[in-house]
1. What number does the stretch 1-82 give for Rg over Rh if you use C-alpha atoms and the Kirkwood radius?
2. Distances longer than 25 Å among the Cα atoms of the chain: what percent of all pairs is that?
3. Helix-only estimate, please: 222 nm mean residue ellipticity of the chain, summing -39500 (n - 2.57) across DSSP H runs of length 4 or more and dividing by its residues, to the nearest 500.
4. How high is the FRET efficiency between VAL64 and VAL119 when r is their beta carbon distance and R₀ equals 30 Å, given to the nearest 0.05?
5. Along the Cα→Cβ direction, 7 angstrom out, place labels at VAL78 and ARG134. What is the inter-label distance in nm?
6. When ligands, DNA and RNA are left out and all protein chains stay put, how many square angstrom of accessible area per residue does the chain have with a 1.4 Å probe?
Amino acid sequence: MTKFLLSVHVLAAILAVGSITVASSMFPRYALRALGGEGDGEPTDDRAPGIAALLHRVCRAYAVAGLAVPVFGIATAVQLGVLTDAWLIASLILTTVAAGLLALVILPRQRALLDRAAVDLSDPADGARRAAARLTMLTGIFNVLWATVTVLMIVRPGSTTGA
């Protein structure tokens, strides 16, 4: 049973968190293009509003699917008897912070940029550029949190179960 739970946990992490990581990282560039700006130096793209909206939907959908990651992770930890290990508690805290950042900050800011793009197709004002830059930074923090959780899951500092 432990191998099954661990397999589902790892697959869910790869598919859900990996998808969110990529989609959320790409979103600000396409949101700026949807606002009529060049963003990263490339010309305005008529497909940008649709791409930005798709990336936002991917982030939202996989955020829900990503709930399986901690659920199966906790179930695996119970099976292994490591639920009170410091590395696991740290991972759970970082996971909670990452999930909160995604749900309470990143997704709403993506939505706000999409709403702005739907209304204003002119060259983005500095406000939109700053909002996209902040979103890029927050997404980077989200990604670093997940990378840290991944390292903790592999290294398991202080674990008596071996690495």
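The values are calculated or read from the model by the stated rules, or taken from the named source; none is laboratory data. Note that the coordinates shown come from a computational prediction; the quantities given were computed from them, not determined experimentally. Positions of Cβ are backbone-derived with ideal geometry, glycine not excepted, and every protein chain shown enters the neighbour counts. We work out accessible area using only protein heavy atoms, side chains counted, and drop any ligands, DNA or RNA first. Shrake-Rupley method; radii C 1.70, N 1.55, O 1.52, S 1.80 Å.
1. On the way: Rg = 17.5 Å, Rh = 14.2 Å.
We get a ratio of 1.23 for the stretch 1-82.
2. Of all Cα-Cα pairs in the chain, 38 percent lie more than 25 Å apart.
3. Working: 7 runs with 118 residues, N = 163.
When only DSSP H runs of four or more count, the value is -24000 deg cm²/dmol.
4. Working: r = 28 Å, r/R0 = 0.92.
Computed FRET efficiency for VAL64 and VAL119 comes out at 0.65.
5. 4.0
6. On the way: 8790 Å² over 163 residues.
Heavy-atom accessible area per residue stands at 54 Å².
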